[in-house]
1. Where Rh is the Kirkwood radius over the Cα pairs of the range 151-234, the temperature 10 °C and the viscosity 1.306 mPa s, what D in µm²/s does Stokes-Einstein return?
2. Show me, bin by bin at 10 Å from 0, the whole-percent P(r) of the range 54-125 based on Cα pairs.
3. Determine the dipole magnitude for the chain: charges of +1 sit on the beta-carbon of Lys and Arg, -1 on that of Asp and Glu, nothing else is charged, the reference point is the Cα centre, and the result goes in debye to the nearest 20.
4. Per Stokes-Einstein, at 25 °C and 0.890 mPa s, what whole-number D in µm² s⁻¹ belongs to the range 160-203, with the Kirkwood radius over Cα pairs as the hydrodynamic radius?
5. Take the alpha carbon atoms of the range 22-63, find their center, do the same for the range 149-210, and report the distance between the two centers in whole angstrom.
6. What share of Cα pairs, in percent, lie more than 20 angstrom apart in the range 121-274?
7. Taking the inverse of the average 1/r across all pairs of different Cα atoms in the chain, what Kirkwood radius in Å do you get?
8. Can you give me the % of accessible surface on the range 1-46 that is carbon or sulfur? Probe 1.4 Å, all protein chains present, nothing else counted.
Amino acid sequence: METIQNFAKKHTIIYCILAEIVVLGSMILAGMLMGALIGDRGVDGYVLQALQELIGALFAFVAVKVSGCGDVLTRKGIGFGKGLLVGGYFLFIGIYSAVVYIAIYDGERTLRPWYLIAVFVICMVLVGITEELLCRGVLAELLFRHFGTTKEGIWKAVIVSGVLFGMAHLSNLISADPVGVLVQCVIAGMMGMAFAAIYFRTGCIWVTVFLHAFVDICALITGGLYTGALAETISGYQPMQLIGVVPYVILLLVVLRKKKMNQILERLSDAQGEIE
């Protein structure tokens, strides 16, 4: 484990890319294995995805530990409640999206069985855990330690971790239209930067886990609630949707404004001191 941590310190960006490949690769292999074992037995899609995400969450947890970032799991930062206020935009946009999607849904409003709705929620929670442990708990944390405890270090860690998060979605090129995938990568990258900023500002990774899961639940609410509802495909994404990155840019500037930077740096310096 010490060898892995030394490599992470010396070759941080390469290590971050490798960590992404390992975690995402484990999920892809798990999906292929389940597909081969289950075949055409009509198992609900969210059941399969939840199992796949569970594998990803386990690998992401291991990645946090072996990378020497295990302390992020227990940091309280400014507290969970205050942290949610910092990420209040995601609470607002999540609720707004859910209301709109349900209101405009024109399919048959037949609810899925309660246990499948529960599986949908669990699946989205696992997505939040997997992606936040990997992209904020490993990538953003290691990049911050690499770039240094300065304002510039925080911004570099936010931007690079967001770019890596966006690049992870390039795996969708296997099954989706390239234009749609690129649009998704840009939006996901900016969203990743926003989550990284909230992570550094709050000092609590469980805040971003909750916000991430909440946004995903709201964004896919009709597919989780109604039988026969079709989720939006990545191939349907259009360049015009890039306007959606504007709120993330504003959020970055607000969350990491000068007035709050000193508080963030002080808390992060204390956390690094405890590690050393």
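The values are calculated or read from the model by the stated rules, or taken from the named source; none is laboratory data. Please read these numbers as outputs of a predicted model, since none were measured by experiment. Glycine gets a Cβ as well: all are built from the backbone with ideal geometry, and neighbour counts include every protein chain shown. All accessible areas refer to the heavy atoms of the entire protein, side chains included, with ligands and DNA or RNA removed. Shrake-Rupley method; radii C 1.70, N 1.55, O 1.52, S 1.80 Å.
1. Details: Rh = 14.2 Å.
Result for D is 112 µm²/s.
2. 14, 25, 36, 19, 5
3. On the way: 19 positive and 19 negative charges, 189 e Å.
Here the chain has a charge dipole of around 900 debye.
4. Details: Rh = 10.6 Å.
For the chosen part, D equals 231 µm²/s.
5. Result: 22 Å between the Cα centres.
6. Working: 6129 of 11781 pairs.
Result: 52 percent of Cα pairs exceed 20 Å.
7. Numbers: mean 1/r = 0.0515 Å⁻¹.
19.4 Å is the Kirkwood radius here.
8. Ligands and nucleic acids excluded, carbon and sulfur give 68 percent.
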